[in-house]
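Before any comments, here is the structure.
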Amino acid sequence: MDRSVKLGKAVLKSPHVLAPIAGYTDSPFRRICVGHGCGMTMTELVSVEGIVRANPKTIDLLKFTEEERPIAIQIFGHKPETMGEAAAIVETLEPDIIDINLGCPARKVCGSGNGAALLKDPRLIFRITERVVKSTRLPVTAKIRIGWDENSKNYMEVVQALQDGGVSFITVHGRTRAQQYSGMADWNIIAEIKSNASVPVIGNGDIDSYEKAGEMMKFSGCDAVMIGRGSLGNPWIFSGVKPGTGEILEQIRVHLKMMIDEYDAHGIQMMRKHIIKYIHGIKYAAKVRAEIVTAGTYEEILGILKTLEADDDQRHWN
């Protein structure tokens, strides 16, 4: 069954898009999500200042494989000229899309005038967008929130600025910056933006299951959905499959091997937070959590996973 979706010049394999989450959505995780039916991936947000200065750690964030396509490289900054310069550099890496981050609520990002802080200034958003669009032949998109806080929900002004600047589509997280990730995402506003926008809209916020993704699309009429925190430890969210304990533990083993291949020994440390997400909800997982966060070798982690497997086998036997 063909689940592809056309958004402007971009063709997604399915209407389910992986959100950019710093520290989680790296190349191994993106590849895993694509294997489970994710329609488009996106890098973690990448600083344009780091790109133009060729900072080694920043450049590492730009790396991707063919398996991850279609892929968007998400950039953040607040200086139109630097954003344009970075976009031209990113284009040479041949991603499918360049996405502008206008939604990150992190204090460190907003404190420098980047991310969601830009929502306060639609005129600057227009200048940034226009410069990026003129600097690349790739489709340019943007991810926004619905406003800085409850008293400044200027989402239609922001959408207009983005459209005037030439974006191909817009992703809308239905919360303000002030909300961070608390409260409920406002799907009514996503629906309002979709009904008034002249470009495709991707809805984002509170999608914690495959079924919920379908509900958002039906409710808002959005063209696709972006899934963030709901995918952590649960790449099956992109297919609707309900995995058993054995399948979860096997996916952890595969993911761990990918992390070691990608990052060498450091991959073990980086994988711990993923494992905690994967085993959440598995019976007896709480008693091994402390062991996992201190595990230092591949063999040690495999041993811990075997105890969970043994507990599961014993439960079925009984």
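All of the numbers you see were taken from the coordinates with simple rules; none came from a lab. Every value quoted in this text rests on a predicted model; they were computed, and no experiment measured them. Here Cβ is always computed from backbone atoms with ideal geometry, including for glycine, and neighbour counts include all displayed protein chains.
Here are a few things to note about the model shown:
- Length available on full extension from D208 to A54: 0.36 nm per residue minus the Cα-Cα distance, which gives 51.8 nm.
- Using the Cβ-Cβ distance between E67 and D264 with R0 = 22 Å, the FRET efficiency computed as 1/(1 + (r/R0)^6) comes to roughly 0.60.
- Choice from F238, F219, F29 with maximal GNM fluctuation in the chain (Cα, 10 Å cutoff): F219
- Within straight-line reach of K153, meaning a Cα separation under 20 Å, sit the following aspartates and glutamates at least 8 residues removed in sequence or on another chain: D121, D164, D186, E192, D206.
- Within the chain, C104, C110, C222 have no other Cys Cβ under 4.7 Å of their Cβ and so lack a disulfide-compatible partner by this rule.
- Listed by chain and number, the lysines whose alpha-carbon sits under 19 Å from that of K287, ignoring those within fewer than 8 places in the same chain, are K273, K277, K306.
- The residues packed around Y298, meaning those with a beta-carbon under 10 Å from its beta-carbon, carry a net charge of 0 if Lys and Arg are +1 and Asp and Glu are -1.
- What the Cβ-Cβ distance of E157 and H280 gives, at R0 = 35 Å and to the nearest 0.05, is a FRET efficiency of 0.35.
- Mean separation of Cα contacts under 8 Å, 6 or more apart, over the residue count of the chain: relative contact order %: 14
- Considering only alpha-carbon pairs that sit under 8 angstrom and 6 or more positions apart, the relative contact order computed for the stretch 229-318 is 30 percent.
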